[in-house]
Amino acid sequence: MDRSLLALAQLQEQLLSRRQLFAGSVTRATLGAHLSAGRWRSWGRHTIALHSGPLPERALWWRAVIEADRERCSTVCPRSRQRG
């Protein structure tokens, strides 16, 4: 995985959309291998966690953004939750 994709994952609480992964040169086979091995976890139709643990609160917000609007998930953040 390239650095820009890792940087994006860091901003999005270690969550990426399938579309972001594929655009970042992760193949469907690679995605499948990570999911099958339990290294990554799918959280809905579009959201992939780059870990297999639970999602903290901020990650749940990112999951909602990714699931609701795959097109803009790299630029939108639930700002109301960032204040606290």
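Pulled fully out, how much extra length does the chain show between Leu31 and His51, if you take 0.36 nm times their separation in residues and subtract their Cα-Cα distance? Walk me through the numbers on the way to the answer.
Details: separation 20, 0.36 × 20 = 7.20 nm, distance 1.22 nm.
Fully extending the segment from Leu31 to His51 adds 6.0 nm.
For His34, what is the net charge nearby, where nearby means another residue's Cβ is under 15 Å from its Cβ and Lys, Arg count +1, Asp, Glu -1? Let's see the in-between values first.
On the way: positive: Arg18, Arg28, Arg39, Arg41; negative: none.
Here the charged neighbours net out to +4.
Would you grab the residues whose amide H sits under 5 Å from the one on His51? Only those 5+ places off in sequence or on another chain, please, with H modelled 1.01 Å from N.
Here the answer is Arg41, since their amide H atoms fall under 5 Å of that of His51.
Where a number appears in this text, it was derived from the coordinates with a stated rule and is not lab data. Quick caveat, the model's predicted, so the values are computed rather than measured. Every residue, glycine among them, receives a Cβ derived from its backbone with ideal geometry; neighbour counts consider all protein chains shown.
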